[in-house]
Amino acid sequence: MSYVIGIVGEPGSGKTTSLRNLNPKETYIISLRKTRLPWKGSAKDYKSGTGGNFANNVTSDQIVSLLKAISTKRPEIKTIVIDDAQFIMANMMMEKAKITGYGKFTDIAIAGFNPVDVAGKLRDDLIVVFTYHAEELADGTKKIKTAGKMVDNVMSLDSVFEILLYTSI
């Protein structure tokens, strides 16, 4: 069983930039929003395509497929990072914006949960890291930012991680 870690913080708190400290020969980054990584030399170290170690703008189902494929076919990869993972739900929310009814919120919650669930079932030597933006609640506590209260009523992402770290500037 792989280790699944969540890192939650404000935009600009260093979640993505800290990835530059990982060994690119052992790391695969899945970025939900960025077309490139924000540090000098990242394009040389992280490449898309077959045999590469970078993918971007993918759906929940594509992330699940990538996780399974890396686990079974890429033994050199020891760390997988799903960066800006809240966009799994946000992107789907925008795709379903004109659909009425509450069923879409269950679909969005499932899309946000499935990659985390699958990540915990991969090979033993893998570490899977999900980065998220934080949302501050009325009482001053923070939680993982999701697509909204309707999604939060279906699931609590904060409760599914073995380790959940919050960044601070």
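The values are calculated or read from the model by the stated rules, or taken from the named source; none is laboratory data. Fair warning: this is a prediction, and the values are worked out from it, not measured in the lab. Neighbour counts run over all protein chains shown; Cβ positions are idealised from the backbone, glycine included. What goes into the accessible areas is simple: the full protein's heavy atoms, side chains included, and nothing from ligands, DNA or RNA. Shrake-Rupley method; radii C 1.70, N 1.55, O 1.52, S 1.80 Å.
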Within the stretch 19-34, how many residues are under 15 Å from the mean Cα position of the chain (by Cα) and over 17 Å from Leu67 (Cα atoms)? 3
Only one of Glu95, Glu136, Glu162 that is charged (D, E, K, R) and under 18 Å from Leu32 (Cβ atoms): Glu95
Which residue is surrounded by the fewest Cβ atoms within 10 Å (Cβ to Cβ), if the candidates are limited to the stretch 78-123 and must be charged (D, E, K, R) and assigned to a helix (DSSP H, G or I)? Asp117
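Hey, could you check the stretch 20-60 for residues that are part of a helix (DSSP H, G or I) and closer than 23 Å to Glu76 by Cα and say which is least open to solvent (accessible area, probe 1.4 Å)? Step through it out loud before you land on a result.
Of the residues in the stretch 20-60, the ones part of a helix (DSSP H, G or I) are 20-21, 42-45, 60.
Add one more test, that the residue is closer than 23 Å to Glu76 by Cα, and what stays is 20-21, 42-45.
On the way: Arg20: 137, Asn21: 124, Ser42: 8, Ala43: 75, Lys44: 145, Asp45: 58 Å².
This residue is Ser42.
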Can you confirm whether the stretch 128-143 contains a residue that is closer than 20 Å to Met92 by Cα, touching a helix residue (DSSP H, G or I) at 6+ places or on another chain (Cβ under 9 Å) and among the small types (Gly, Ala, Ser)? no
Index of the failed condition, Leu66 passing every other in (1) in contact (Cβ under 8 Å) with a residue 40 or more places away in the chain; (2) over 23 Å from Ser159 (Cα atoms); (3) buried (at least 18 other Cβ atoms within 10 Å of the Cβ): (1)
Matching residues, the stretch 143-155, being free of Cβ contacts under 8 Å to residues at least 24 places away in the same chain and exposed (fewer than 14 other Cβ atoms within 10 Å of the Cβ): Lys149
Can you find even one residue in the stretch 5-19 that is crowded, with 18+ Cβ neighbours inside 10 Å and free of Cβ contacts under 8 Å to residues at least 60 places away in the same chain? no
Condition check for Pro75: open to solvent by 10 Å² or more (accessible area, probe 1.4 Å) and in contact with a Ser or Thr (Cβ under 9 Å, 6 or more places away or on another chain): no
Enumeration of residues in the stretch 156-169 that are open to solvent by less than 60 Å² (accessible area, probe 1.4 Å) and aromatic (Phe, Trp, Tyr): Phe161
Flagged pairs (Cβ under 8 angstrom, 6 or more apart or on separate chains; first in the stretch 69-83, within 14 Å of Ser31 (Cβ to Cβ); second modelled with pLDDT under 95 and open to solvent by 20 Å² or more (accessible area, probe 1.4 Å)) are Asp83/Arg33; Asp83/Lys34
